[in-house]
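*Asks:* Below is one structure. I have some questions about it.
The values are calculated or read from the model by the stated rules, or taken from the named source; none is laboratory data. Note that the coordinates shown come from a computational prediction; the quantities given were computed from them, not determined experimentally. Ideal geometry is used to build each Cβ from the backbone, glycine not excepted, and the neighbour counts take in all protein chains shown.
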Amino acid sequence: MLEDFLFLNIIYYIILGLVCLKIVYETNHSVKAIAYILFALLLPVFGMVFYFIFGINYRKRKIYRKKVVTDGLLRKRLGENILGKTLDRINNHPKEIGAASGLVELLFNENSSPLTDGNKVELLINGEEKFPRLLEDIARAKHHIHLQYYIFENDGIGGEIIEAISEKAKSGVEVRFIYDDFGSRDFGKKATEKLRRCGVQIFPYNKIRFGFLANRINYRNHRKSVIIDGEIAYTGGINVSDRYINQGNENFWRDTHLRLQGPGVYFLQYQFFADWNFCASQSLQMKDTYFPGKPCPGHNALVQIAAGGPDCPSPTIMLSLIKAISVAQREICITTPYFIPGESVKDAIKVAAISGIKVKLLVPEKSDSRLVNAAAYSYYNDLMAIGVEVYLYQKGFIHAKTMIIDDNLSVVGTANMDTRSFDLNFELNAVIYDRAFAAEHKLVFQEDLAHARKVDFEAWQLRPKTKLLSERLARLLSPML
């Protein structure tokens, strides 16, 4: 009996050693690798199983090799005419861009994302403002409607949008619809079949066949965008669900979205093409009818799109946020539902605060995940110690993902300030270089602060030691959240 026990122990430790070697070999980020190794060591068997479910990334290399090639071919078709004007626009709009020319060039060099002018950008607060406008624009569509959502629920508002795009498809308008197979797992076969019968082309992104396989839970399409006739686009934090409308909700849901009209739609359309050709296994061609690129009369906001995902050579979203923080000269206002920034972004914020720049961070008092909430809390002490103001939103759950830099730069998008958005998910952020828009955005931020509690640093330090320990333990797991 003792011999059998010793034999099993030897086998276990051999397997554990091999798993740890695999973690070291497969995981690029040292902090994440250490977290997985500690998990495997401290939780026998379960820790190893957890890694194989949530951490292994061999499928990423296999699947996205094709996507990178496809995206590269599409990118070549963006053309010199579109990309070549970016540097000219930097020189022609020094007042609007200010100190952010380096951010423009970063996105241009990393994403081939052009800086566009002649745009109209509208800030939409919550589903109450977004969905009526979206339904109006869908009703007016003449050529095509392209939608992709992380969460699309077949509830009240979801049903309205399904009916609207079904009618447009039956009338001859091209409708293409991508939904994430994990985020929209409750979408339902009936809704899918109905859309297809009406002529809507619909595909899941990164289809999940076995829910326990991690790489299909990782690498999700967290983007939310709608492009109508290549002239109007929507993007931001609002998915399709009744919870975003705040009608009869138990908890108030606060979120931010954009309506974009003008040449800035061009790169959002390109990203949709790249995602569509990947998940639908098609070769949708970049015809001029999809890319009109018309300036919006009477408007001249400068817009650039930051796209990030596992198929990018570097973490574009994270790098763009760090660069935006670095160009601040007076004030940084950040809103995010999940604040697990990692060391790089945290250090960028610390450098700004130590340099005398006022930094305000608005986060939920209570997240929709206790573990994420605890991990986020562990970062606040270090930031407040150097002057960062932390505000806990109390009216409900704040889901907006935004940043305002000084008085001329705004970021509104789908990316949270966490490892999952930086490394694992496909995301989109709109970067707006426009003083009028930044001023409007700043007013919204101040209104949100009116529903938030500023954290008192001295009181924060006096919290129970057990709570501090639980937050530190949650932070150890933050690379895996």
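*Asks:* Sort through Ala439, Ala415, Ala430 and tell me the only one that's within 30 Å of Thr116 (Cβ to Cβ), more than 20 Å from the chain's Cα centre (by Cα) and at pLDDT 95 or above.
*Replies:* Details: Ala415 fails: more than 20 Å from the chain's Cα centre (by Cα); Ala430 fails: more than 20 Å from the chain's Cα centre (by Cα).
It is Ala439.
*Asks:* Hey, another quick one. Identify, from the list Lys207, Lys224, the residue that is under 19 Å from Tyr149 (Cβ atoms), surrounded by fewer than 16 Cβ atoms within 10 Å (Cβ to Cβ) and in contact (Cβ under 8 Å) with a residue 12 or more places away in the chain. Reasoning before the result, please.
*Replies:* Details: Lys224 fails: surrounded by fewer than 16 Cβ atoms within 10 Å (Cβ to Cβ).
Of Lys207, Lys224, the one residue that is under 19 Å from Tyr149 (Cβ atoms), surrounded by fewer than 16 Cβ atoms within 10 Å (Cβ to Cβ) and in contact (Cβ under 8 Å) with a residue 12 or more places away in the chain is Lys207.
*Asks:* Then there's this: Does Val303 meet the test of being crowded, with 21+ Cβ neighbours inside 10 Å and at pLDDT 95 or above?
*Replies:* Working: crowded, with 21+ Cβ neighbours inside 10 Å: yes; at pLDDT 95 or above: yes.
Yes, satisfied.
*Asks:* Under the condition of being surrounded by 19 or more Cβ atoms within 10 Å (Cβ to Cβ) and among the hydroxyl-bearing types (Ser, Thr, Tyr), which residue from the range 331-356 is modelled with the lowest pLDDT?
*Replies:* Looking at the filtered set, the residue picked out is Tyr338.
*Asks:* Please give the number of the condition Lys442 fails out of (1) under 21 Å from Ser367 (Cβ atoms); (2) surrounded by fewer than 21 Cβ atoms within 10 Å (Cβ to Cβ).
*Replies:* So the condition that Lys442 fails would be (1).
*Asks:* Okay, moving on. Among the listed residues Val412, Val390, Val363, Val372, which satisfies the condition of being among the β-branched types (Val, Ile, Thr), buried (at least 23 other Cβ atoms within 10 Å of the Cβ), in contact (Cβ under 8 Å) with a residue 40 or more places away in the chain and touching a Phe, Trp or Tyr at 6+ places or on another chain (Cβ under 6 Å)? Spell out the reasoning first.
*Replies:* On the way: Val412 fails: touching a Phe, Trp or Tyr at 6+ places or on another chain (Cβ under 6 Å); Val363 fails: in contact (Cβ under 8 Å) with a residue 40 or more places away in the chain; Val372 fails: buried (at least 23 other Cβ atoms within 10 Å of the Cβ).
Going through Val412, Val390, Val363, Val372 in turn, the sole match is Val390.
*Asks:* Could you grab me the full set of residues in the range 153-167 that are within 26 Å of Phe291 (Cα to Cα) and either touching a strand residue (DSSP E or B) at 6+ places or on another chain (Cβ under 7 Å) or assigned by TED's automatic domain parsing to the domain that holds Leu424 (or both)?
*Replies:* Once the filter is applied, which keeps residues that are within 26 Å of Phe291 (Cα to Cα) and either touching a strand residue (DSSP E or B) at 6+ places or on another chain (Cβ under 7 Å) or assigned by TED's automatic domain parsing to the domain that holds Leu424 (or both), the range 153-167 yields Ile161, Ile165.
*Asks:* Filtering the range 425-479 down to residues that are in a helix (DSSP H, G or I) and aromatic (Phe, Trp, Tyr), which residue is farthest from Pro94 (Cα to Cα)?
*Replies:* Narrowing the range 425-479 to residues in a helix (DSSP H, G or I): 435-449, 457-461, 465-476, 478-479.
Restricting the remaining residues to those that are aromatic (Phe, Trp, Tyr) gives 437, 445, 457, 460.
On the way: Phe437: 17, Phe445: 26, Phe457: 39, Trp460: 42 Å.
Per the stated criteria, the residue is Trp460.
*Asks:* Turning to a different aspect of this structure: Gly309: in contact (Cβ under 8 Å) with a residue 12 or more places away in the chain, farther than 24 Å from Asn109 by Cα, of a type in the set (Gly, Ala, Ser) and crowded, with 24+ Cβ neighbours inside 10 Å, yes or no? Lay out the reasoning, then the answer.
*Replies:* Values: in contact (Cβ under 8 Å) with a residue 12 or more places away in the chain: yes; farther than 24 Å from Asn109 by Cα: no; of a type in the set (Gly, Ala, Ser): yes; crowded, with 24+ Cβ neighbours inside 10 Å: yes.
Answer is no for this residue.
*Asks:* Checking the condition in contact with a helix residue (DSSP H, G or I) (Cβ under 9 Å, 6 or more places away or on another chain) and surrounded by fewer than 20 Cβ atoms within 10 Å (Cβ to Cβ), which residue from Ser241, Ser283 passes?
*Replies:* On the way: Ser241 fails: surrounded by fewer than 20 Cβ atoms within 10 Å (Cβ to Cβ).
On inspection, the qualifying residue turns out to be Ser283.
*Asks:* Looking at the range 315-326, can you tell me whether even one residue there is among the basic types (Lys, Arg), in contact (Cβ under 8 Å) with a residue 60 or more places away in the chain and in a loop (DSSP other than H, G, I, E, B)? Steps first, answer last, please.
*Replies:* Within the range 315-326, the subset among the basic types (Lys, Arg) is 323.
Then keep just the ones that are in contact (Cβ under 8 Å) with a residue 60 or more places away in the chain; that gives 323.
Okay, now just the ones that are also in a loop (DSSP other than H, G, I, E, B), so none.
No, the range 315-326 has no match at all.
*Asks:* Could I ask something else about it? Residues Ser113, Ser166: which one is among the hydroxyl-bearing types (Ser, Thr, Tyr) and in a loop (DSSP other than H, G, I, E, B)?
*Replies:* Details: Ser166 fails: in a loop (DSSP other than H, G, I, E, B).
Ser113 is the lone residue from the list that is among the hydroxyl-bearing types (Ser, Thr, Tyr) and in a loop (DSSP other than H, G, I, E, B).
*Asks:* Within the range 100-120, which residues are surrounded by 23 or more Cβ atoms within 10 Å (Cβ to Cβ), small (Gly, Ala, Ser) and touching a Lys or Arg at 6+ places or on another chain (Cβ under 7 Å)?
*Replies:* Correct list: empty.
*Asks:* Would you point out which residue out of Phe272, Phe278 is crowded, with 23+ Cβ neighbours inside 10 Å, within 17 Å of the chain's Cα centre (by Cα), part of a helix (DSSP H, G or I) and of a type in the set (Phe, Trp, Tyr)?
*Replies:* Values: Phe278 fails: within 17 Å of the chain's Cα centre (by Cα).
Every option except Phe272 fails the conditions.
*Asks:* Now, a different point. May I ask you to say which residue of Asn28, Asn81 is at pLDDT below 65, under 22 Å from the mean Cα position of the chain (by Cα), exposed (fewer than 10 other Cβ atoms within 10 Å of the Cβ) and of a type outside the set (Val, Ile, Thr)?
*Replies:* Values: Asn81 fails: under 22 Å from the mean Cα position of the chain (by Cα).
Result of the check over Asn28, Asn81: Asn28.
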